[in-house]
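A.B. asks: First the structure, then my questions, so here it is.
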Amino acid sequence: ISQQLKALTDKTLLTGIRFVIDLPEEQILPAGGEYAYLNRYFSSLQDTNTYWRGIFQSTRVHELYCPSFYLGEEEKREYGNVAYIFRTFLNSGGTVHPAYVAAYWPDSVLKGILSDNLTLENSVAYIINDRDSIVSSSDEQLSGTYWLSYKAISDSFLSSMYFVPRTILGKKLYVCFYSIRDPGWYMVTVLPEEPMIRKGNQIMLRLVMIY
């Protein structure tokens, strides 16, 4: 099984896979050194004190796409700092126990996608989830400055599929929204008006010089 799991991380963007079971650690794997290699893939929920655990235990969600701050420090260090986690159940000795399957990947994958084609100064692209948390951003400081609530984004998305003018902190901006359906996220792209005008003027000047 370890070779199959390792093959998944070797051939994909995944950096880790883990099974977290609501059982004491000594009941998850048989005792003995021959099973030590599986410790990386199986762990006890009772040893997991994270934000994602709290969400699963306090709501009826059955899956979560987790930004970095949903995860524990050791979890991020050993597996990856973004995760998809879903809940299932394990029957052990006639008793049903919650269990979680987690797949991890680096945040740099999302950051790279968001940063592509952002050529204007002070522009930013970020992803926000339905808990008003920023999942990833091309620039954390600017995404904080130009943060919009999930509800505001939903309302704007329903009314327009194009760039819409906005004024945030006295700055005129053009904002575009894209729905990422499966996790229920939105990608937000923010372009300040002044750099857009300057860029447009530069292009016009070059055309005049050419022709």
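The values are calculated or read from the model by the stated rules, or taken from the named source; none is laboratory data. The structure displayed is predicted, hence computed values, not measured ones. Cβ atoms come from the backbone with ideal geometry, glycine included; neighbour counts cover every protein chain shown. For accessibility, only protein heavy atoms count, side chains too; no ligands or nucleic acids. Shrake-Rupley method; radii C 1.70, N 1.55, O 1.52, S 1.80 Å.
A.B. asks: Post the alpha-carbon centroid distance, segment 116-137 to segment 84-104, in whole angstrom.
C.D. replies: 33 Å
A.B. asks: Express in nm, to one decimal, how much length is gained between Arg166 and Glu194 on full extension, taking 0.36 nm for each residue of separation and deducting their alpha carbon distance.
C.D. replies: Working: separation 28, 0.36 × 28 = 10.08 nm, distance 1.30 nm.
Extra length available between Arg166 and Glu194 comes to 8.8 nm.
A.B. asks: Which trypsin sites (Lys or Arg not before Pro) in segment 108-197 sit in a loop by DSSP (not H, G, I, E or B) and have at most 11 other Cβ atoms within 10 Å of their own Cβ?
C.D. replies: Filter output for segment 108-197: Arg181.
A.B. asks: On to the next question. Over the Cα atoms of segment 43-118, what radius of gyration and what Dmax do you get, in Å?
C.D. replies: 14.5, 55
A.B. asks: Continuing with the same structure: Between Ser92 and Ser115, 0.36 nm times their residue separation minus their Cα-Cα distance comes to what?
C.D. replies: So the extension gain works out to 3.6 nm.
A.B. asks: If each residue of separation counts as 0.36 nm, what is the full-extension length gain between Ala152 and Val61 once their alpha-carbon separation is subtracted?
C.D. replies: 30.5 nm
A.B. asks: At a probe size of 1.4 Å, how large is the accessible area of Asp130, to the nearest 10 Å²?
C.D. replies: 100 Å²
A.B. asks: Moving to a separate point now. Identify the residues of segment 43-62 with backbone N under 12 Å of a label point that sits 7 angstrom from the Cα of Gln27 along the Cα-to-Cβ direction, or state none.
C.D. replies: Only 45-46 pass the distance filter.
A.B. asks: Another question, if that's okay. Considering only protein heavy atoms, with the full assembly of protein chains and a 1.4 angstrom probe, order Val124, Val164 by accessible area, largest first.
C.D. replies: If we order Val124, Val164 from most to least accessible, we get Val164, Val124.
A.B. asks: What distance in nm separates the two pseudo spin-label positions at Leu38 and Arg77, each 7 Å out from Cα along the beta-carbon direction?
C.D. replies: Here the answer is 2.6 nm between the modelled labels.
A.B. asks: Also: Given Gly112, Val96, Ser143, which one lies farthest toward the positive end of the charge dipole of segment 83-163, if we put +1 on the Cβ of every Lys and Arg and -1 on the Cβ of every Asp and Glu?
C.D. replies: Of Gly112, Val96, Ser143, it is Val96.
A.B. asks: 5 Å is the cut-off here: which amide hydrogens, built 1.01 Å from N in the peptide plane, fall below it relative to Val135, excluding neighbours closer than 5 in sequence?
C.D. replies: Under 5 Å from the amide H of Val135: Ile127, Ile128, Asn129.
A.B. asks: Still on this structure, I have one more. Please calculate the 1.4 Å probe accessible area of Trp105, with all protein chains present, and give it to the nearest 10 Å².
C.D. replies: In the full protein context, Trp105 sits at about 50 Å².
A.B. asks: Report, by chain and number, residues whose modeled amide H sits under 5 Å from the one on Val124, excluding near sequence neighbours (fewer than 5 apart, same chain).
C.D. replies: Long-range HN contacts for Val124: Val190.
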